[in-house]
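Data block below; observations after.
Just so it is clear, none of the values below were taken in a lab; they were calculated from the coordinates. Small disclaimer: the values here were computed from a predicted structure and weren't measured. Quick reminder, even Gly has a Cβ in these numbers, built from the backbone with ideal geometry, and neighbours come from all protein chains shown.
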């Protein structure tokens, strides 16, 4: 479907217009990157912070991890980070060591 606002502005010819805001290619047959965290658009990723302490997050596969609070925020199957404090998953000592030693 053609965006009624993008077409008159000539934005459909722009490479960024063929991507969604999370950086996944809109073209069929594109191969996904290694993890959901790695597939986030770098501009979006740079702006994501922990909603609880507003600090930086570490990429942890299909999650974003806050080592200060020891909580992980999942990235759903569509590649959208769920940045809700109520949805954060607590991380135990063993997993914390694994995530921070990399």
- For residue 43 and residue 90, calculate 0.36 nm times their separation in residues minus their Cα-Cα distance, and state this gained length in nm to one decimal. 14.2 nm
- Query: Under a point spin-label approximation (7 Å from Cα along Cα-to-Cβ), what is the residue 78-residue 35 distance to one decimal in nm?
  - Reply: 2.3
